[in-house]
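Rule-based calculations on the coordinates, nothing more; no lab input. Because the structure is a prediction, the values reported are computed rather than measured. No Cβ is skipped: glycine too gets one built from the backbone with ideal geometry, and neighbour counts run over all protein chains shown.
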Amino acid sequence: MPVALCATSHSPLIGLHDPAPEVRAEVDAEFAAARAFAEDFAPDLAVIFAPDHYNGFLYDMMPSFCVGAAATSVGDYGLPSGALDVDRDAAYAVAERVLASGVDVAVSEDMRVDHGFVQPLTFLFGSLTAVPVVPVFINCVAEPLGPAVRARHLGTAVGEALKEMDRRVLLIGSGGLSHDPPVPRLKEATPEVAERLTHGRDPSPEQRAQREGRTVKAASEFAHGGGALRPLNPDWDALVLRSLAAGDFAAVDGRSNEWFVAEGGHSAPEVRTWIAAYAALAAAGPYTVRSSYYRAIPEWLAGFATTTAVPLDGAA
């Protein structure tokens with residue numbers, strides 16, 4: 001089973017609240033390099049680990065992990081909407097193998113996904129249907145969260161499932177690194193916001209525009225040194241990148257949930273998607289990082305990184 005990996009940050013603010021032109025050009029060049037990496041690998045299946053931001057998964061039923069047997073983009077922040085090309089047979093094979101390994105995972109025949117899934121797919125492939133996918137949701141924001149090491153166990157089980165398939169698989173991790181966007185928390189929410197976090201699926205266009213406008217406003221304030229959001233933490237981001245590149249998972253996923261928030265902000269647990277993707281790659285054996293880009297970009301509310309990796313034995 002040839003396998004390769006691309007892990008990348010995402011931000012709904014890309015194209016809506018950009019940094020200086022030279023910074024945007026730098027990131028675009030990295031995206032182009034990652035896209036060339038994916039094109040050269042030519043996968044016939046992509047397995048993407050990504051979070052949700054209360055667009056598809058809400059407190060009416062919040063699993064820790066969920067494999068999508070069918071999935072549709074909600075089209076938030078002006079991104080493409082519509083069905084993903086989900087490989088249903090592969091999704092069920094993955095789910096069955098993960099369950100057999102002792103990791104509890106839900107299965108959805110109607111998964112809704114947002115920018116966390118859609119941005120990497122469009123960055124790498126240009127559309128939602130260019131390559132068959134298996135979408136794997138990881139809860140990264142809705143408390144209570146399980147320990148981060150569970151993401152590694154999930155990724156390892158997915159990697160073992162993929163070894164049984166005769167496919168060329170690109171593993172994608174989408175999220176992080178340090179960032180503290182204005183995502184509401186249930187225990188601090190007003191009754192109105194709590195209702196939205198529990199039952200607010202499919203907001204009206206006006207409601208979605210208001211929510212997205214608040215995010216853009218918060219980013220503008222943050223980029224100019226204002227607001228109450230936690231600062232980005234390049235030192236912590238470097239630790240994460242260094243540890244995953246070395247396969248030293250415990251340096252990151254052995255820490256408490258409180259550590260993630262204290263070091264990287266309330267959405268730093270999105271690093272679980274990277275942990276899972278790298279663990280899935282490690283299931284194929286030792287690996288090496290081909291490229292690693294990082295820049296703290298306050299305009300996008302993100303410690304922004306993109307990495308690519310392949311097995312050491314050349315199986316890619």
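Points worth noting:
- Positive contributions from Lys and Arg (+1) and negative ones from Asp and Glu (-1), summed over other residues with Cβ under 15 Å from the Cβ of His115, come out at -2.
- Summed residue charge, Cβ within 14 Å of Val23's Cβ, Lys/Arg positive, Asp/Glu negative: -4
- Highest-fluctuation residue, Ala228, Ala42, Ala305 considered, GNM on the chain with Cα pairs under 10 Å: Ala228
- All other residues whose Cβ lies under 15 angstrom from that of Arg290 are scored, Lys and Arg at +1 and Asp and Glu at -1, for a net of -3.
- As a proxy for reagent exposure, Thr72, Thr190 were ordered by neighbouring Cβ count within 10 angstrom, fewest first; the result is Thr190, Thr72.
- In this structure, the amide hydrogen of Gly175, modeled 1.01 Å from its nitrogen in the peptide plane, lies closer than 5 angstrom to those of Thr8, Ser9, His10, counting only residues at least 5 positions away or on a different chain.
- Based on DSSP H segments of at least four residues, each scored -39500 (n - 2.57), the chain has a per-residue ellipticity at 222 nm of -12500 deg cm²/dmol.
- Cα-Cα P(r), region 261-316, percent of pairs per 10 Å interval: 20, 44, 26, 9
- Annotation for region 145-182 versus region 1-30: alpha-carbon center distance of 19 Å.
- Longest exposed-site-free window of the chain, the sites being GluC sites (Glu not before Pro) in a DSSP loop that have at most 16 other C-beta atoms within 10 Å: 165-316
- D (Stokes-Einstein, µm²/s), Kirkwood Cα radius, region 3-311, 1.002 mPa s at 20 °C: 112 µm²/s
- Anisotropy class assigned to region 75-170 is oblate, per the alpha carbon gyration tensor with a/c at or over the 1.5 cut-off and a/b no larger than b/c.
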